[in-house]
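The values are calculated or read from the model by the stated rules, or taken from the named source; none is laboratory data. Note that the structure is a prediction, hence the values are computed from the model and not measured. With ideal geometry, Cβ positions are generated from the backbone for all residues, glycine too; neighbour counts draw on all protein chains shown. Protein only, heavy atoms only, side chains kept; ligands, DNA and RNA dropped before computing areas. Shrake-Rupley method; radii C 1.70, N 1.55, O 1.52, S 1.80 Å.
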Amino acid sequence: MDSRTAKVSRWLAKIFGDQQVPFYEVNPWTMDVLFRLMEQNETRDRDAMQLIEDVEQKTVEYKSDADYMQDFIMESVGLSTTCFSNNASSCLKNLVNSSLALDLKDTSQSSFVLAINDLTSDRTAAENRSQTVVIRDLSKKLTEAISMEKSLEKDLLETDGNLITAKAKAECKKQNANFFRKKMNEWSQLSQTLENDLKQVGFDESLDHQSLVELSERLENVKKEVESLNVKLKSYLDLTPNFYSAKVKIEETKLELNKVDRLLSEKMDDLRCGSPEVNLLN
């Protein structure tokens with residue numbers, strides 16, 4: 001451990017006394033900072049001790065001068081501190097302290113009366129200033145309270161208006177909900193009635209909308225296949241055709257297409273003939 005580290009350790013132990021010195025990392029930068037802080041602290045302590053010693057020395061000197069002046073004044077007026085009673089000495093000290101506190105040029109009665117009057121006037125002025133400050137603060141708070149009250153009244157009126165509007169909207173939504181609920185019940189009953197009617201007339205489920213859509217899709221697919229076959233047929237026109245085979249293929253395709261058309265027409269006719277109630281509703 002070098003000398004700087006040892007000095008810093010002793011200084012920290014002196015500063016913290018009986019308390020444990022906090023942990024710190026020992027490295028060049030930390031030791032440099034602590035060492036400079038130690039030097040500044042010791043310099044400040046030395047300056048403070050010199051100032052205290054100077055003040056103590058001046059205190060002794062002033063006390064000596066005060067004793068000398070007291071003895072000189074007493075001897076000049078032909079008095080001695082030993083000729084006063086304890087009560088008289090106490091009154092004299094109180095008189096001197098009062099004159100010093102009131103900053104009087106002498107201890108005459110008129111000086112005391114004027115100083116007390118000035119002190120009373122200052123106290124009255126201070127009380128008036130204090131009351132003025134209190135009144136100003138109360139006026140400011142009252143103004144803020146009135147402004148806040150007006151703002152709250154405005155917010156309350158807006159809230160009441162919004163509440164009325166919200167109640168009206170809620171009532172409208174409630175009425176709409178009742179109307180929709182009633183209509184839903186009617187439609188549900190109508191749907192059930194129509195289903196029963198369809199069952200009574202022997203409605204074939206294969207004629208429902210979904211089945212017709214599927215048949216339509218099949219028809220479209222067949223048409224696309226025919227178009228594809230036509231395209232393929234055109235590609236063979238330049239070749240020596242097998243007239244008999246081509247004719248058979250075309251006839252088969254036409255028969256299949258006619259079959260699908262006929263089936264779709266029959267389904268549509270059955271749908272129109274078998275469910276007149278539905279057509280009337282539509």
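General observations
- When peptides 53-64, 4-15 are sorted by average Cβ neighbour count within 10 Å, with the highest value leading, the order is 4-15, 53-64.
- Rounded to the nearest whole Hz, the Karplus-based 3J(HN,Hα) values (6.51 cos²θ - 1.76 cosθ + 1.60, θ = phi - 60°) of the range 180-189 follow the sequence 5, 5, 5, 5, 5, 5, 5, 5, 5, 5, with x at glycine and proline.
- Taking every protein chain into account, the accessible area of the range 87-184 amounts to 87 square angstrom per residue (probe 1.4 Å).
- Ordering of 260-266, 176-182 by packing is 260-266, 176-182, highest average first (other Cβ atoms within 10 Å, averaged per residue).
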